[in-house]
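See below for the structure under consideration.
The values are calculated or read from the model by the stated rules, or taken from the named source; none is laboratory data. Remember, predicted model here, so these are calculated numbers, not experimental data. All Cβ positions, glycine included, derive from the backbone under ideal geometry; neighbour counts span all protein chains shown.
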Amino acid sequence: MAFAVSLGAHYTGACMGMPYALGAVSAWRALVVMAPLTLLGAAFASHAVERTVADRFTAHLLGVDAEIVVVGVALAVTALYNRLRVPTSTIQILVFSLAGTALGAGVGVRWGTVGVLAAIWVAAPFVAFGLGFCLTVALDRVPLVRREIDAEAPAAGARPARTSALLAGALVAVGGAASFTMGSNDVANASGALVATHTFSPLVAGTFGGTAMAVGVLSWGRPLLERVAFDIVALDRPMATAAQAVQAVVVLLAVGFGFFTSMNQALVGAMAGTGAARGRQAVHLSTLTGILRGWLLGPAAGIAVAFVVSRLVVAGGVHLR
């Protein structure tokens, strides 16, 4: 539950940061929209991913004690990196915490599954880039969207109110879609262990984790929403709508096959694609560097810390298999 609460708060910016930053919705309304959609995604669209986390990464199912190590290490490492403001993926940390615990407990790791997942992690930002480019080009040919782009001076009264309202609604809608996607994609970080140990069925585990994520959104989500929203580089509403829509599509595609990938990395790839379509840089080099650093630091820390902790637990006489 603690991990799920932290996940809900952590991803408010990735889902609703751009609608809030561009004035399409207030901060509180953004969180109120996000919380129930996150719960719905976690409860009803996460089952395949939960089963993947439960039984596709290790040769044998881990016991309750081992799963406590997995989730505890993933939560601790994620919290540390958040505290240090080092960008990482909670999914990557979780998967390699699972691998490290399995190695420490003497249980085989299915590296083929890990390899497939790693390939998805690498491919997702590039797929998002291509889709973001294409969708932005398509949107720019829509007359109402074109008028929004051309209205660069709000003080001159050039922006048609009807057009702004239409695009604001579209941006909130795709932010809601991203919230649903986040629930389906990320709840397994916390609830997969409950499925693996037969504590809950996938439906109950997803509902349990989704409820905790919704609590995280509403209780601790606002500071992170505000921080992330205004750390995002300037995008107009059509670009933001395209980027957020592509993020949801790319991640949902992975979820549909029982895998999960980084919401933030898919969003950054989509943002880069929208910027390329406009002939301008939409993502700072530091952001891309942060993603590459996250690909290295998150998995390395997860597998190393989980291996050491599991070996210490085994040395203390606890049977982790």
Given (1) farther than 21 Å from Asp140 by Cβ; (2) assigned to a helix (DSSP H, G or I), index of the condition Thr261 fails: (2)
The residue from Thr207, Thr181, Thr274, Thr211 that alone is assigned to a helix (DSSP H, G or I), of a type in the set (Ser, Thr, Tyr), more than 29 Å from Ala54 (Cβ to Cβ) and out of contact with any His (no Cβ under 9 Å at 6 or more places or on another chain) is Thr274
Name the pairs: first residue in the range 262-280 and under 15 Å from Cys134 (Cα atoms), second residue of a type in the set (Phe, Trp, Tyr), Cβ to Cβ under 6 Å, at least 6 apart or on different chains? Gly269/Phe129; Ala272/Phe129; Gly273/Phe129; Gly273/Phe133; Ala276/Phe133; Ala277/Phe133
Condition (residue is surrounded by fewer than 17 Cβ atoms within 10 Å (Cβ to Cβ), at pLDDT below 95 and closer than 19 Å to Ala196 by Cβ) applied to the range 75-84: is it met by at least one residue? no
Tell me which of these Gly17 doesn't satisfy, since it passes every other one: (1) surrounded by fewer than 21 Cβ atoms within 10 Å (Cβ to Cβ); (2) farther than 27 Å from Leu194 by Cα. (1)
From the list Leu253, Leu235, pick out the single residue that is over 16 Å from the mean Cα position of the chain (by Cα), of a type in the set (A, V, I, L, M, F, W, C) and over 22 Å from Ala2 (Cα atoms). Leu235
Taking the range 15-64 and the residues there that are of a type in the set (Val, Ile, Thr) and in a helix (DSSP H, G or I), the one that is modelled with the lowest pLDDT would be Val64
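Matching residues to (1) more than 20 Å from Val309 (Cα to Cα); (2) in contact with a Pro (Cβ under 9 Å, 6 or more places away or on another chain):
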position	(1), (2)
Glu50	yes, yes
His60	no, no
Val69	no, no
Val73	no, no
Gln92	no, yes
Val95	no, yes
Gly112	yes, no
Can you tell me which residue in the range 161-202 is modelled with the lowest pLDDT, limited to those that are under 19 Å from Ala242 (Cα atoms) and in contact with a Gly (Cβ under 8 Å, 6 or more places away or on another chain)? Ala168
What number of residues in the range 288-321 are of a type in the set (S, T, N, Q) and surrounded by fewer than 18 Cβ atoms within 10 Å (Cβ to Cβ)? 1
Of Val53, Val70, Val64, which residue is closer than 13 Å to Val195 by Cα, surrounded by 24 or more Cβ atoms within 10 Å (Cβ to Cβ) and β-branched (Val, Ile, Thr)? Val53
Given the conditions (1) assigned to a helix (DSSP H, G or I); (2) within 30 Å of Val249 (Cβ to Cβ), which single one is not true for Val305? (2)
Which condition does Ala123 not pass, out of (1) of a type in the set (A, V, I, L, M, F, W, C); (2) in contact (Cβ under 8 Å) with a residue 60 or more places away in the chain; (3) part of a helix (DSSP H, G or I), if it passes all the others? (2)
If we scan the range 208-222, do we find a residue that is more than 20 Å from Leu117 (Cα to Cα) and either polar (S, T, N, Q) or modelled with pLDDT under 85 (or both)? yes
Failed item, numbered, when Arg51 is tested on (1) in contact (Cβ under 8 Å) with a residue 60 or more places away in the chain; (2) under 17 Å from the mean Cα position of the chain (by Cα): (2)
Counting only residues that are buried (at least 24 other Cβ atoms within 10 Å of the Cβ) and among the polar types (S, T, N, Q), which one in the range 25-48 is nearest to the chain's Cα centre (by Cα)? Thr38
What pairs come out if I take residues in the range 57-78 that are in contact (Cβ under 8 Å) with a residue 12 or more places away in the chain and closer than 18 Å to Ala301 by Cβ and pair them with residues that are hydrophobic (A, V, I, L, M, F, W, C) and not in a helix (DSSP H, G or I) whose C-beta lies under 9 Å away, six or more apart or interchain? Phe57/Val109; Val69/Leu62; Val69/Leu320; Val70/Leu62
